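Asks: Below you'll find the structure I mean.
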Amino acid sequence: MEYNQLDQIVTPLLEWYEADHRQLPWRETKDPYGVWVSEIMLQQTRVETVIPYYERFMQRCPTIVALASCEDEELLKLWEGLGYYSRVRNLKKAAQVICQCHEGIFPHTYDEILALPGIGEYTAGAVLSIAFEEARAAVDGNVMRVVTRLTQDRQDIMEAKFRRQVTEALEAVYPSKQRGDFTQSLMELGAVICVPNGEPLCAKCPLNALCGAYEQGTMMQYPVKKKKPDRRKERKTVLILRDQGRTAIRRRSAQGILSGMWELPNIDGVMTKQQITQWLADREIDVIELAEITRDGLQLKHIFTHIEWHMTCWLAVCSTVAEDSGLTWVTQEQLEQEIALPTAFKKCLKVFEDDRRRRQNDDK
């Protein structure tokens, strides 16, 4: 595939970016640490969501050394709600490697950066171009969408060879100056003009005179992407166990999805009241009240990358709990300030709070 018009995009893109780019907190620094943290947070997460997380994270962990020494529980709490928790675990692992192998200074060669836990070609390219002004492209979905529309490239963007071709073609046209701005201008164009969902804002695009898809009116035909396999659906019965104002949580397995995170006790499948009662009895948990709080057949849904959880929630008010039940009982204050609970289970707690408020209103 020829990418001849790419050498013409640099000047109009840089002029547009300088005049119109969004003011974002991570764009106020060239510190590779700040750039790295922002790029990891932005993976599969909207900019608007990331901003307060980034600011809070950088306030608590302003340096690589601070990140490397931050306690896991506090780190997970800082990340709570962002999802994909392996990202923050790898951030800490990489920070520890940098402290051990690079004296706490972020490495500045491609191979050294790529060797860090949780860093792939995109993130390495972003850090090198933005923080170190190197001619390294950061090719993500936004950039691939821009390039395929410009060049009317009908290759499957999920193919590794396509990403390599685009990376090489872009790096060949990088300017001698403002290399970080050029990387961010491509990202910005794909985020706010050549958008992923819905019609692109072609009339506002600084590259519309160069764009083959715009000329042909075929923008929505690009990029070409193989259909993903359907997500696996898993049904869960989630238990909100309550005792004297406290809620029961437990640790998940060290393997699999949400590995090592706190969770509400849950059972695979959709359980009946009798089955739940027996499950609790088998664990020497006596209950005063057991009631489903997702009514009328409603199930909560939470989507992971490859899995969907469909959850039915039950409230169990406990009277007796065996000491070896494997449960940890925490207060509401601990849940809010100390415990990082995945969003899937926070949804269940919200259903519980809504149900409690409804009951209180019914009693008035």
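Asks: Against the condition buried (at least 17 other Cβ atoms within 10 Å of the Cβ), closer than 21 Å to residue 80 by Cα and in contact with a Lys or Arg (Cβ under 8 Å, 6 or more places away or on another chain), how does residue 340 come out, does it pass?
Replies: Against the criterion (buried (at least 17 other Cβ atoms within 10 Å of the Cβ), closer than 21 Å to residue 80 by Cα and in contact with a Lys or Arg (Cβ under 8 Å, 6 or more places away or on another chain)), residue 340 qualifies.
Asks: With the condition kept exactly as written, say whether any residue in the stretch 245-254 is in contact with an Asp or Glu (Cβ under 9 Å, 6 or more places away or on another chain), on the phi > 0 side of the Ramachandran plot and modelled with pLDDT of 90 or more.
Replies: Looking for residues that are in contact with an Asp or Glu (Cβ under 9 Å, 6 or more places away or on another chain), on the phi > 0 side of the Ramachandran plot and modelled with pLDDT of 90 or more, one finds none in the stretch 245-254, hence no.
Asks: For residue 106, state whether it is within 24 Å of the chain's Cα centre (by Cα), of a type in the set (Phe, Trp, Tyr) and open to solvent by 10 Å² or more (accessible area, probe 1.4 Å).
Replies: Judged against the criteria, residue 106 is a match.
Asks: If you go through the stretch 52-70 one residue at a time, how many are assigned to a helix (DSSP H, G or I), out of contact with any Leu (no Cβ under 7 Å at 6 or more places or on another chain) and in contact (Cβ under 8 Å) with a residue 12 or more places away in the chain?
Replies: Selection size over the stretch 52-70: 6.
Asks: Can you tell me how many residues in the stretch 148-168 are open to solvent by less than 20 Å² (accessible area, probe 1.4 Å), outside any loop (DSSP other than H, G, I, E, B) and either within 19 Å of residue 210 (Cβ to Cβ) or small (Gly, Ala, Ser) (or both)?
Replies: 5
Listed here are the residues, each with its yes/no results for (1) within 21 Å of residue 299 (Cβ to Cβ); (2) surrounded by 13 or more Cβ atoms within 10 Å (Cβ to Cβ); (3) among the acidic types (Asp, Glu).
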position: 232; (1), (2), (3): yes, no, no
position: 236; (1), (2), (3): yes, yes, no
position: 243; (1), (2), (3): no, yes, yes
position: 250; (1), (2), (3): no, yes, no
position: 258; (1), (2), (3): yes, yes, no
position: 263; (1), (2), (3): yes, yes, yes
position: 266; (1), (2), (3): yes, yes, no
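Asks: Next question, about the same structure. Looking at (1) of a type outside the set (Lys, Arg); (2) touching a residue at least 60 places away in the same chain (Cβ under 8 Å); (3) under 24 Å from residue 354 (Cβ atoms), which is the one condition that is false for residue 267?
Replies: Residue 267 satisfies all of (1) of a type outside the set (Lys, Arg); (2) touching a residue at least 60 places away in the same chain (Cβ under 8 Å); (3) under 24 Å from residue 354 (Cβ atoms) except (2).
Asks: Can you run down the residue pairs with Cβ atoms below 9 Å, 6 or more apart or on separate chains, where the first is in the stretch 24-48 and farther than 12 Å from residue 131 by Cβ and the partner is open to solvent by 10 Å² or more (accessible area, probe 1.4 Å) and β-branched (Val, Ile, Thr)?
Replies: Correct list of pairs: 24/47; 24/51; 25/51; 40/119; 41/49; 44/305.
Asks: Please find, within the stretch 278-317, the residue that is least open to solvent (accessible area, probe 1.4 Å) out of those that are farther than 21 Å from residue 249 by Cβ and over 25 Å from the mean Cα position of the chain (by Cα).
Replies: By that ranking, first place goes to 297.
Asks: Of the residues 319, 325, which is of a type in the set (Gly, Ala, Ser) and farther than 21 Å from residue 268 by Cα?
Replies: That would be 319, the only listed residue that is of a type in the set (Gly, Ala, Ser) and farther than 21 Å from residue 268 by Cα.
The values are calculated or read from the model by the stated rules, or taken from the named source; none is laboratory data. Please read these numbers as outputs of a predicted model, since none were measured by experiment. In this analysis, Cβ positions are derived from the backbone assuming ideal geometry, glycine residues included, and neighbour counts consider all displayed protein chains. Only protein heavy atoms, including side chains, enter the accessible area calculation; ligands, DNA and RNA are left aside. Shrake-Rupley method; radii C 1.70, N 1.55, O 1.52, S 1.80 Å.
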